[in-house]
1. Which residues' amide hydrogens lie under 5 Å from the amide hydrogen of T69, considering only partners 5 or more residues apart or on another chain, with H built in the peptide plane?
2. What list of ³J(HN,Hα) couplings, whole Hz, do you get for the range 34-39 from phi and the Karplus terms 6.51, -1.76, 1.60, once you set θ to phi - 60° and write x for glycine and proline?
3. Thinking of the range 66-116 as a set of Cα atoms, what percent of all their pairs are more than 16 Å apart?
4. So for the range 89-209: antiparallel DSSP bridges make up what percent, rounded to the nearest 5?
5. List the residues whose amide H sits under 5 Å from the amide H of V26, counting only those 5 or more places along or on another chain, with H placed 1.01 Å from N in the peptide plane.
6. Mind listing the phi-derived Karplus ³J(HN,Hα) values for the range 234-241, rounded to whole Hz, using 6.51, -1.76 and 1.60 with θ = phi - 60°, and x for any glycine or proline?
7. List, in order, the whole-Hz ³J(HN,Hα) value for each residue of the range 41-47 obtained from phi through the Karplus relation with A = 6.51, B = -1.76, C = 1.60 and θ = phi - 60°; use x for Gly and Pro.
8. Per the Kirkwood formula on distinct C-alpha pairs, the Rh of the range 56-197 is how many angstrom?
Amino acid sequence: MKNLILTAAVAALTAGAAAADGHGVVRLGTEGAYPPYNFINDAGEVDGFERKVGDELCARAELTCEWVTNDWDSIIPNLVSGNYDVIIAGMSITDERKEVIDFSDAYTQPDPSGYLALSADADIEGGVIAAQSNTIQASFIAGMGAATLLEFATPEETVAAVRNGEADAVLADKSFLQPIADAEAELVMLEQQELIGGGVGLGVRQSDTELRDKLSAAIQSMKDDGSLNALITEWGVGEPF
């Protein structure tokens, strides 16, 4: 899952304090460009697995919530600076991120990363591999050694790089790539998969411990009654808990 390589962070503002104390509106920040986790539907609204999960978590935690979209590259800095109160954007829980923000309990298990290419014999060991910038996939490719990493700002651009021959393959969450492979006959999913990351959680400012705990309790409630697993299965975002 996605892993932002942090280059800078600012001190948390007091904007989230009211939300953490149970007052005011809790703003949920998402990318809106990473189906099936999150996307913008034909009505111009945030949709997808995380829309369903987020709405249910807010209801169970008795929070009044609203949705905000933000580009992936600035999603952590804009949380810290107070533009919204929660990141719900397919974000993997990593030690690097924990240096700057806090996380709720995971609401999905790690999702396998897959390779999408134009042919089954694409060179993924020493070729050019596309990935969205500041993701765990990009970090993984950079650490492979022989392969050349080609980064793009959006997931759509990584797939386009494969279509036009700029990259030999793209590495991303399998749940994102598989529907594209199913819809486009010229693209194929390779057999090789990579297990990267430690599950997806809600990102919050480190000062918002009460908000974090409320959301974690709501996540556990959904795990306990099976509703979270039902959504995971419905949207195909990995293995159930």
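Values in this text are rule-based calculations from the coordinates and carry no lab data. Predicted, not measured: the structure shown is a model, and the values here were computed from it. For neighbour counting, all protein chains shown are included, and Cβ atoms are generated from backbone atoms with ideal geometry for every residue, glycine included.
1. So T69 has HN proximity to T30.
2. Here the 3J(HN,Hα) series is 9, x, x, 5, 7, 6 Hz.
3. 47
4. On the way: 14 of 21 bridges.
So the antiparallel bridges amount to about 65 percent of the total.
5. It is T64, C65, E66, by chain and number.
6. 4, 9, x, 10, x, 7, x, 6
7. 7, 5, 8, x, 10, 5, 9
8. On the way: mean 1/r = 0.0607 Å⁻¹.
Computed over the range 56-197, the radius equals 16.5 Å.
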